[in-house]
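Below you'll find the structure, written out as structure tokens, and then a few comments.
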Amino acid sequence: MTNIVFPEIKKAINEIKHLVFSDTILLTLQYDETDDELTIRMKHMVMLAISATVAAQMFAKGLPVRGVLHKGEFFIKNNCFAGKPIVDAYQLCEELNLSGVICSHKFSEYLEELSTKDKVPEHKIVFRYLTPMRNDREEKFYNINWLINTKNLDDIESIVLEAFWSHNKDCSIAVDKKIQNTEKLIRKMLLINSQLGK
């Protein structure tokens, strides 16, 4: 089987920059007002796909991550970065009480425009989900389906626990809720995946 990658998509993938500091990975993909609408839309979809891939691979390696896709103006050069969108995304990410990747409301506005214009089904790579937050709060966000190519998993509870316990990590009682919330999210993603194509 041959994978075909359009030059524009490959170019966008190559334009993604990353910066790792402490336990944080910052992924950025720049576009500006001179980019045509199709290029901007394609870059958003590439960022969704890359974020899903990173989340899935990190989870498989025993590193459950939390992430937020956000948009706005920022500055990044070498190992230095600044900008309100980066701070906003970090703060929202810290509020998540599960392992997963969400789209900020600002990023979601674009997804909703795309869905309205092109009648793109919601249940592909993103889906609206009542997302568990810290302090027993919940809020509706678009979540990225980082298991999009998976239809079934055996013993989800063991898979989640293994990911959280990997690398000799201990899980305190405070993490139990995050583990339960992650298991529930995985069950939701698998349900969505099983309904695709029906």
Condition met for residue 179 (β-branched (Val, Ile, Thr), over 15 Å from the mean Cα position of the chain (by Cα) and modelled with pLDDT of 95 or more): yes
Lone qualifier among 54, 101, 68 - being out of contact with any helix residue (DSSP H, G or I) (no Cβ under 7 Å at 6 or more places or on another chain) and modelled with pLDDT of 90 or more: 54
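Among the residues of the range 107-141, how many are in a strand (DSSP E or B), at pLDDT below 95 and not aliphatic (A, V, I, L, M)?
Residues that pass the stated criteria total 3.
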Positions within the range 6-27 being farther than 17 Å from residue 85 by Cα and surrounded by 14 or more Cβ atoms within 10 Å (Cβ to Cβ), in sequence order: 9, 11, 12, 13
Output for the range 135-184, where each listed residue is in contact (Cβ under 8 Å) with a residue 40 or more places away in the chain and small (Gly, Ala, Ser): 163, 166
Pairs where the first residue, in the range 57-72, is within 15 Å of residue 168 (Cα to Cα) and the second is in a loop (DSSP other than H, G, I, E, B) and at pLDDT 95 or above, C-beta under 6 Å, 6+ apart: 64/99
Selection within the range 2-22 - in contact with a Leu (Cβ under 9 Å, 6 or more places away or on another chain) and of a type in the set (D, E, K, R): 8, 15, 17
Subset of the range 159-198 [in a loop (DSSP other than H, G, I, E, B) and not aliphatic (A, V, I, L, M)]: 166, 167, 168, 169, 170, 171, 172, 197, 198
Every residue from the range 128-157 that is basic (Lys, Arg) and closer than 17 Å to residue 186 by Cβ: 128, 151
Filtered residues of the range 32-56 (kept if surrounded by 17 or more Cβ atoms within 10 Å (Cβ to Cβ) and closer than 21 Å to residue 84 by Cβ): 43, 44, 47, 51
Residue match in the range 143-156 (condition: part of a strand (DSSP E or B) and within 26 Å of residue 70 (Cα to Cα)): yes
Matching residues, the range 57-70, being surrounded by fewer than 18 Cβ atoms within 10 Å (Cβ to Cβ) and of a type in the set (D, E, K, R): 61
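The values are calculated or read from the model by the stated rules, or taken from the named source; none is laboratory data. Being a predicted model, the structure only gives us computed values, none of them experimental. Cβ: placed from backbone, ideal geometry, glycine included. Neighbour counts: every protein chain shown.
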